[in-house]
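**Q** Shown below is the structure under consideration.
The values are calculated or read from the model by the stated rules, or taken from the named source; none is laboratory data. The structure displayed is predicted, hence computed values, not measured ones. Here the Cβ is made from the backbone with ideal geometry for all residues, glycine too, and neighbour counts use every protein chain on show. Surface accessibility is based on the protein's heavy atoms, side chains included, excluding ligands, DNA and RNA. Shrake-Rupley method; radii C 1.70, N 1.55, O 1.52, S 1.80 Å.
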Amino acid sequence: MPRAERGRGWVRWSRRLLVLIIGLLVLAALGAWLTLRASLPQLEGTRHSPLLSAPVTVARDADGVPVISGANRLDLAYATGFVHGQERFFQMDLLRRSAAGELAELFGPRALPLDRAHRLHRFRARAAEVLARMTPLERSFIDRYAAGVNDGLEALAARPFEYLLNGAAPLPWTAADSLLVVWAMYFDLQGNQEPRELARGWLAGHLDPAQRAFLLPEGSRWDAPLDAPALSLAPVPIPATAPAWWGHKDAVPARQLAGVGFTDSVGSNNYALAGSRTASGAAIVSDDMHLGLQLPNIWYRLALRFPDERGVQRRVAGVSLPGAPPLVIVGSNGHVAWAFTNSYADTLDLVRLSEAVQEDRAHVGQVRTPIGWETPARHVETILVKGQAADRLVVRETSLGPIRAAGADLYAVHWVAHSPDALNLNHLKLEAAVTLDDALAAAAADGIPAQNIVIGDARGNIGWTVAGALPRRSQGGSAVSFPLAAEGTPPTWDGFLAPGEHPRVVNPAGGQLVTANSRQLAGAEAEVLGDAGFDLGARTRQLGEHLAQLGPKADVPAVFEAALDDRALYISGWRERALAALDDAAVAGHPQRLAFRRLLQASWDGHASVGSVGYRLAQQFRWSLHDLLFAGVNAEMKTLDPRATVPAATTRWSDVVARLLDERPAAWLPAGYASWQDLELAAVDRTIAEVTRDGVPLAQATWGRKNTAAIAHPFTMAMPFLARWLGAPPDALPGDANMPRVAGPRFGQSERLTVSPGREEEGLFDMPGGQSGHPLSPFFLKGHEDWVQGRARPLLPGKAEYTLTFSK
């Protein structure tokens, strides 16, 4: 065959091969797309279950928000489980695995450190005891939910897409798994207490009493307690000397990202106006819980319709937590509405232990606790690890809790969450409450992490208490915010307060209640709660003052808007300090400092606005001062726990620094600085270096450039190329910490809900993600843009667009 003919033949075969390859790729892509679509939930049609007593309907609106209607709560528990299992199973799986210390089975060795930390608490083993204590009705309720989850999972034509990507198979849901999801929230809401106590313990060992009182204050002028206009704490004198570790310049990392490691991620606002303050005469309750933001959103919206014990039709609307027992976590039932924020009540103690030395034959293998010598129980935990051999963890447990090491010390972790009495289904009583008193009593007995609950009823009454288990302490709360010694102290706590002993505030004179994670009480009852890391109080005070200005005839839209208040009242003081430091002599010959001053003046509108350079510079100036003063001590404390830092020890650190800058005591000026202004200018220079380090000109270093949402599915952390399909747009967000509109790239308002009980049709709601966790679902990001813009949507589901019916 001539060479030319052979060449033409090769070209023809090459083309055919290319077409074949393209065809195979198209077929593969089509197959992947069809498989992905097969894992979408069923929205319409009929299903059958012998577990039901009567038909149940799931009627979804155009946003995918369902009204689930049935003959009783057991039937609704099944249908809710079915819906959760189809829409959110992977999210539920991550929550149960996180609490149980089982993530490495899915994600391999990189998840092992977290698994080991969580497996220490052996919550899967503890779940059996909690289940054994449930009443038959409660056990049926949670079992019925688990059955619905598994039926929903089985009904999918393909397993959820995450398992297709991961190569794993989803494991069936159990009643114990729903308890683990509640324990996952214990970790989320109270997991800061261990590193906080370790940090405070380190500081206590490196401070004299006067320094400790000054650097770790119990309150500040920002606090806005519920039972008094303000705290009456006298200012603590500035000690004559600073601690030895104070402000070591050589300990400051050259490129530490100021503020990034210690984000102000203290979260949640709830508030209520009494009927005397509203246009309708009914109370108005509002809530925005601040949590980590990812897709799917942590909450699942729904409304439940069912007859109560007297045959009266009830409707409960709000949000549920997929995987947890199928309850309306925050919402309204037509008579009362309720809302939560994290209480930061002290529910965990670290008790230092001493081990018997080898020569002490009488106590071989024992540890000494405040109540005497003990032989710890020994449990061997096997942690499955994807891609490698299983990991073996030996857990030793005392009567006070499991033993953890921190540096050279051993501690018993005495945590409310370990008690089987800390979890129950009393939230069902809250859902059924008719009056404020009913709701307050039910809330105090609720088996959840200790939360501030604000309640309002249709008659216009409002009240606050702490829902969830509170320890009965033998010492005041402030005395146990440091690790306790192995000897010479009584047991840390013994049992829980009875529901009637929980502090409460009902119908205050001002007609409003506000909690936002700061200190709730000024009186003696504050000792009942303790302090496990209260927020500074600036956010609570700003929110309360905003509500007070609404006047006597507020309505739901005005109350909803209060959560969007992004005025920079707290950071404005830091802007003023920076401007005072940047006098003419300080900027002479320093063009960047001069530009910094001009931007603080010109690019400032008094808000945490996306276009404000001034706000970003003022906020970063505060964090730069933190680095210059505390980076060295933070590095030392992190050897005990990666999260043990000065901001973990006290959220009031910046108030302490502000006082030093304002009073300028010579003894506290760190070595290496000629004056306090010299320190402030070093913080300005550090801020300039930080905000321009990626080549961004100072004039373009807006708050929005830094505060850009990165809300995405967890898989994008390992597979960033999927962010286009599994993530929300990179929206620049207004708002920040220490103001009502809390917003960060991965932390913020996980929902906004405002409702007047009995007038739910007027209720408003939004959240950052849609109902479904599936990227091909039309509900995946439904409502996201409204959340970004702060546009409220109706709380109740709209007209039914899809109806799924369950029959016996």
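**Q** Please list, short to long, the whole-number percent of alpha-carbon pairs of the chain in consecutive 20 angstrom bins beginning at zero.
**A** 15, 46, 31, 6, 1, 0
**Q** Another question about this same structure. In terms of modelled amide H atoms, which long-range or inter-chain residues lie less than 5 Å from the amide H of residue 747?
**A** 293
**Q** Still on this model: Consider all pairwise Cα distances in region 418-561 and report the whole-number % of them above 27 Å.
**A** 30 percent
**Q** If packing is taken as the average count of other Cβ atoms within 10 Å, what order do 567-580, 271-284 fall into, highest mean first?
**A** 271-284, 567-580
**Q** What is the distance, in nm, between label points placed 7 Å from the Cα along the Cα-to-Cβ direction at residue 210 and at residue 678?
**A** It works out to 2.4 nm between the two label points.
**Q** To the nearest 500 deg cm²/dmol, what mean residue ellipticity at 222 nm is calculated for the chain from DSSP H runs of n ≥ 4 alone, each contributing -39,500 (n - 2.57), summed and divided by the residues?
**A** It lands at -10500 deg cm²/dmol.
**Q** Assign unit charges at the C-beta atoms only (+1 for Lys and Arg, -1 for Asp and Glu), then state the dipole size of region 621-703 relative to its Cα centre in Debye, rounded to the nearest 20.
**A** The dipole magnitude comes to about 160 debye.
**Q** Something else: Could you tell me which residue out of 99, 214, 121 lies farthest along the dipole of region 55-214 toward its positive end? Charges go on the beta carbon: Lys and Arg +1, Asp and Glu -1, centred on the Cα centre.
**A** It is 214, whose Cα lies furthest towards the positive end.
**Q** Give the calculated FRET efficiency between residue 594 and residue 46 to the nearest 0.05, with a Förster radius of 51 Å applied to their Cβ-Cβ distance.
**A** E(calc), rounded to 0.05, equals 0.10.
**Q** Quote the accessible area belonging to residue 501 in square angstrom, nearest 10, computed with a 1.4 Å probe and with ligands, DNA and RNA left uncounted.
**A** Roll a 1.4 Å probe over it and residue 501 shows about 80 Å².
**Q** Here is a follow-up. Quote the relative contact order of the chain in percent (integer), defining contacts as alpha-carbon pairs under 8 Å separated by 6+ residues.
**A** 20 percent
**Q** Report, ordered by chain and residue number, the lysines lying within cross-link reach of residue 782, taken as a straight Cα distance under 20 Å and ignoring same-chain residues fewer than 8 apart.
**A** Straight-distance partners of residue 782: 799.
**Q** Here is a further query. Contact order normalised by length for region 469-609, with contacts defined as Cα pairs under 8 Å and 6 or more residues apart; what percent is it?
**A** So the answer I get is 20 percent.
**Q** Please give, to one decimal in nm, the separation of the simple spin-label points placed at residue 137 and residue 164, each 7 Å out from Cα toward the Cβ.
**A** 4.3 nm
**Q** For residue 706, tell me the accessible area in Å² from a 1.4 Å probe, rounded to the nearest 10.
**A** Approximately 70 Å² of residue 706 is accessible to the 1.4 Å probe.
**Q** Return a whole-number percent for the relative contact order of region 123-216, with Cα pairs under 8 Å and 6 or more residues apart as the contact set.
**A** Relative contact order, region 123-216: 33 percent.
**Q** What spacing in nm lies between the two simple spin-label points modelled at residue 639 and residue 405, each 7 Å away from Cα in the Cβ direction?
**A** Those two pseudo-labels are separated by 1.4 nm.
**Q** Taking N as the number of residues in region 401-490, what value does Rg over Cα atoms divided by 2.2 N^0.38 Å take?
**A** 1.44
**Q** For region 745-750, in order, what is each residue's ³J(HN,Hα) by Karplus, 6.51 cos²θ - 1.76 cosθ + 1.60 with θ = phi - 60°, in whole Hz (x at glycine and Pro)?
**A** x, 10, 8, x, 6, 6
**Q** Considering the dipole of region 361-453 built from charges on the beta carbon (Lys and Arg +1, Asp and Glu -1) around the Cα centre, which of 407, 377, 362 is farthest to its positive end?
**A** With unit charges placed on the Cβ atoms, the residue in question is 362.
**Q** Moving to a separate point now. Please turn the phi angles of region 129-145 into ³J(HN,Hα) values with the Karplus equation 6.51 cos²θ - 1.76 cosθ + 1.60 (θ = phi - 60°), one per residue in order, whole Hz, x for glycine and proline.
**A** In residue order, the calculated couplings are 5, 5, 4, 5, 8, 6, 5, x, 5, 4, 5, 4, 4, 6, 5, 5, 4 Hz.
**Q** Once fully extended, how much extra length lies between residue 525 and residue 434, figured as 0.36 nm per residue of separation less the alpha-carbon to alpha-carbon distance?
**A** 30.0 nm
**Q** Based on alpha-carbon centroids, what's the gap between region 725-756 and region 81-136 in Å, whole number please?
**A** 27 Å
**Q** From the phi of every residue in region 87-100, what ³J(HN,Hα) in whole Hz does the Karplus formula 6.51 cos²θ - 1.76 cosθ + 1.60 yield, where θ is phi - 60° and glycine or proline is x?
**A** 8, 9, 4, 5, 4, 4, 4, 4, 5, 5, 5, 4, 5, 7
**Q** Sticking with this one: Using only Cα atoms, what is the ratio of the radius of gyration of region 722-807 to 2.2 N^0.38 Å?
**A** 1.27
**Q** What's the magnitude of the charge dipole for the chain around its Cα centre, counting Lys and Arg as +1 and Asp and Glu as -1 at the beta-carbon? Answer in Debye, nearest 20.
**A** Taking the Cα centre of the chain as origin, the dipole is about 2680 debye.
**Q** Any idea how far the Cα center of region 667-692 sits from the one of region 498-574, in Å?
**A** Centre-to-centre (Cα) distance: 35 Å.
**Q** Quick one: if you take sqrt(5λ) for each eigenvalue of the C-alpha gyration tensor of region 274-399, what semi-axes come out, biggest first, whole angstrom?
**A** Semi-axis lengths for region 274-399 are 49, 22, 16 Å.
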